[in-house]
Amino acid sequence: MANLETFSYDNKVVRNFAWASIIFGVIGMLVGVIVAFQLVFPSLNLGISELSFGRLRPLHTNAVIFAFVGNGIFTGVYYSLQRLLKTRMFSDTLSNIHFWGWQLIILAAAITLPLGLTSGKEYAELIWPIDLAIAVVWIVFGINMFGTLIKRRENHIYVAIWFYIATWITVTVLHVVNSLQLPYSLTHGYSVFAGVQDALIQWWYGHNAVAFFLTTPYLGLMYYFMPKAANRPVYSYKLSIIHFWALIFIYIWAGPHHLLYTSLPDWAQSLGTVFSIMLIAPSWGGMLNGLLTLRGVWDKVRTDPVLKFFVVAVTAYGMATLEGPLLSVKSLNAITHYTDWTVGHVHIGALGWNGMLTFGMLYWLIPRIYGTKLYSNKLANIHFWIGTMGILVYAIPLYWAGWTQSLMWKQFTPDGFLQYGNFLETVTQILPMYMLRAIGGTLFFSGIFVLIYNLYKTVQSGRLIANQEASAPARIKYEAHNNEYWHKWIERRPIQMLLLSAVLILIGTLIEIAPMMMIDNNVPKIASVKPYTPLELEGRDIYIREGCYTCHSQMVRPFRSETERYGEYSKSGEFIYDRPFQWGSKRTGPDLHRVGGKYSNSWHYNHMYDPTSMAPGSIMPTYPGLFKKDLNTGYTAAKIKALQSLGTPYPDGYADKAVDDLKAQAKKISENLAKDKITQEGLENKEIVALISYLQRLGTDIKVKTPSK
């Protein structure tokens, strides 16, 4: 053939990302199993702060999302991009920088999160130096991807690559905006957003991290690997166009559905609900496009384990993307939010959609880059059934637990009192469901070892084709035809597709976020709300360090069941000095927004030392380190200065006397504890005193209704 050019595909980088995905999958899922069992047996943390639920849970979520799934994304992208564009990656050097940079970031996360070095923002807990490293490595990935697109030998860009492009630009925007901080040390800083504004930014990020890191790149992988495995073309080209553009435009608006019935203004909540419901159409369009690609080959699905993994993955995607919009309906959200229902919902996507599609992709891809066949289809089928059963045993008990929690929280007696006034009653009732969840997670986790053995034996029977030879005609200037479909014009122009994708995701972003930042009336001021004292500020940072937000919310919603249980519902103006906000997403323990003044200082002291001494049957871990460590005041002045720069109205020069005020308040608390016969040497210098000061401050800035007993 004229103008035929020879080149080679880089399979080495594909191999590297694939094995990294597997290794970190083991680590991330192991930590998930540990924290699941800790909810049943809290003593499993062994009294070690680094092994507590609050520190390990962020490690689990980050390891699964960014290490297991992230490396899985890059495995599929580097494999498919080269073949779809008929060219090697733009730069082997950039590929290697991307690989090793990403692994070093993951290693840094694995070290810092258990040490309590965290920003305290869900799914974005990493400290600012690591955030900067993520931005650099992500840009390296983008340069490599677009460089490859520019030097391609194919004129048209296949649908999978559309999703890769949208993923890259949207994740860039999300990460940069949500990570904006003013550092006060080499490891920590304060968010430039506070309170309600920070909540909106965080869940704009949090929801769209799910959308554009856990969903859109995996849809790209689905569009490439499912037709390949089935040896069938995608069911509908036009449906893929509608699916892509509708999805990326609508998805970005849906973040506020995580904040229904909170202090977020109603207009923002309503936008989140409306666009969440609209998401059903493009999401299910993509699901159907994937499943209908298998038309005519269903007999093959019964015997081919790869296709089985893909079918369950796409079905889980459909289930999760139906359930999410339904949970954004206020009447349903009032039942499910803050319960374990949401945890079950999230894991249908994580285990089913991301996990099963990754496993299927690896079973299909590894034999091909090693020039051999899969060692055992039988073992792959065993893994499939172990994984599928694990998902069901994991999720169904959590759905059950969620309904149980909500019904118990809202139940009143005929006399008008809360039926279960003690929150702990609602916890002990669902412990059997927690145990089943842990068993289901263990079952799913065990399946990955079947995969490791199967792929190890596969690799042994072959040899890596590090540079796979290929040939293709040189790219020629394409001339459009009169009857050509209009979308072909966009498909030939990756930069235009990038810009158009950016415009679509920025429309929703600006319309939702700009008014919250520019219009003061969205967050009415309350004159009695004052900044935290230095001791309270240090206590708050300890609260964040220990991951207390992973089990406790600080948001009393305007339901009678909540105002009777906790007190006056939360007002947006109460959070204007909260960086980051602490509204939480789940209640394993009770809401804490009105806990200030509810209990004595000695109660909090004993509760943190041994929770069961104050609440028999509690599953909260102990925190012995708080009673041993002296409070570090070395950064107190720097914290005050940073907050002043962000608009917190501390008096001029207050940073210079902040530590003195801190010590004076700590002494008062220690003297109060001494009255209750708590006499620990040097108590006023310990971290526990700072934490008590913060807890006693919560919700006390305004006059509140006393909850029913």
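Given the structure, is Trp203 at pLDDT 95 or above and either surrounded by 21 or more Cβ atoms within 10 Å (Cβ to Cβ) or of a type in the set (Lys, Arg) (or both)? It is true that Trp203 is at pLDDT 95 or above and either surrounded by 21 or more Cβ atoms within 10 Å (Cβ to Cβ) or of a type in the set (Lys, Arg) (or both). With respect to (1) crowded, with 23+ Cβ neighbours inside 10 Å; (2) without any contact (Cβ under 8 Å) to a residue 40 or more places away in the chain, the lone exception for Met361 is condition (2). Of everything in the range 181-234, what is part of a helix (DSSP H, G or I) and either charged (D, E, K, R) or not assigned by TED's automatic domain parsing to the domain that holds Gly142 (or both)? Give them in sequence order. Once the filter is applied, which keeps residues that are part of a helix (DSSP H, G or I) and either charged (D, E, K, R) or not assigned by TED's automatic domain parsing to the domain that holds Gly142 (or both), the range 181-234 yields Asp198, Lys228. Could we say that Ile526 is touching a helix residue (DSSP H, G or I) at 6+ places or on another chain (Cβ under 7 Å) and either surrounded by fewer than 16 Cβ atoms within 10 Å (Cβ to Cβ) or of a type in the set (A, V, I, L, M) (or both) here? In short, yes.
In summary, helices (runs of 4 or more DSSP H) completely within the range 626-707 and bearing 2 or more residues that are among the small types (Gly, Ala, Ser) and either surrounded by fewer than 20 Cβ atoms within 10 Å (Cβ to Cβ) or not assigned by TED's automatic domain parsing to the domain that holds Phe581 (or both) occur at 636-645, 658-675.
Every residue, every condition in (1) under 28 Å from Arg560 (Cβ atoms); (2) of a type outside the set (Asp, Glu); (3) in contact with a His (Cβ under 9 Å, 6 or more places away or on another chain); (4) surrounded by 18 or more Cβ atoms within 10 Å (Cβ to Cβ), yes or no:
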site	(1), (2), (3), (4)
Trp409	yes, yes, no, yes
Pro414	yes, yes, no, no
Phe417	yes, yes, no, no
Gly421	yes, yes, no, no
Glu425	yes, no, no, no
Ile430	yes, yes, no, yes
Ala438	no, yes, no, yes
Thr442	no, yes, no, yes
Gly447	no, yes, yes, yes
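On inspection, Thr533 does not qualify as at pLDDT 95 or above, more than 24 Å from Leu631 (Cβ to Cβ) and hydroxyl-bearing (Ser, Thr, Tyr). Listed by position, the helices (runs of 4 or more DSSP H) inside the range 385-494 whose residues that are out of contact with any Lys or Arg (no Cβ under 7 Å at 6 or more places or on another chain) and of a type in the set (Gly, Ala, Ser) number at least 3 are 431-460. Can you confirm whether Gly72 is on the phi > 0 side of the Ramachandran plot, within 18 Å of the chain's Cα centre (by Cα) and not hydrophobic (A, V, I, L, M, F, W, C)? So Gly72 does not fit the description; no.
For the range 375-426, a residue qualifies if it is touching a Phe, Trp or Tyr at 6+ places or on another chain (Cβ under 9 Å) and more than 30 Å from Phe359 (Cβ to Cβ), and the qualifying residues are Trp403, Gln405, Ser406, Met408, Trp409, Lys410, Gln411, Leu418, Gln419, Tyr420, Phe423, Thr426. With respect to the stated conditions, Val274 is without any contact (Cβ under 8 Å) to a residue 40 or more places away in the chain and either basic (Lys, Arg) or under 27 Å from Leu288 (Cα atoms) (or both). Against the definition (in contact with a helix residue (DSSP H, G or I) (Cβ under 8 Å, 6 or more places away or on another chain), modelled with pLDDT of 95 or more, in the same structural domain as Val171 (by TED's automatic domain parsing) and loosely packed, with under 14 Cβ neighbours inside 10 Å), how does Ile465 come out, yes or no? Spelling it out, it is not the case that Ile465 is in contact with a helix residue (DSSP H, G or I) (Cβ under 8 Å, 6 or more places away or on another chain), modelled with pLDDT of 95 or more, in the same structural domain as Val171 (by TED's automatic domain parsing) and loosely packed, with under 14 Cβ neighbours inside 10 Å.
I'm trying to understand the selection: among the residues of the range 597-614, which are part of a loop (DSSP other than H, G, I, E, B) and either touching a strand residue (DSSP E or B) at 6+ places or on another chain (Cβ under 6 Å) or buried (at least 18 other Cβ atoms within 10 Å of the Cβ) (or both)? Selection gives Lys598 alone.
For every residue, the table says whether it meets (1) touching a residue at least 60 places away in the same chain (Cβ under 8 Å); (2) touching a His at 6+ places or on another chain (Cβ under 7 Å); (3) outside any strand (DSSP E or B).
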| position | (1), (2), (3) |
| --- | --- |
| Val14 | yes, no, yes |
| Gly28 | no, yes, yes |
| Val35 | no, yes, yes |
| Pro58 | yes, no, yes |
| Val64 | yes, no, yes |
| Tyr79 | yes, no, yes |
| Leu84 | yes, no, yes |
| Gly101 | no, no, yes |
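Considering the range 1-51, the residues that are of a type in the set (Gly, Ala, Ser) and modelled with pLDDT of 95 or more include one that is nearest to Phe449 (Cα to Cα), namely Gly25.
The values are calculated or read from the model by the stated rules, or taken from the named source; none is laboratory data. Everything numeric in this text was worked out from a predicted model, so none of it was measured. Every residue, glycine as well, gets a Cβ built from its backbone with ideal geometry; the counts of neighbours run over all protein chains shown.
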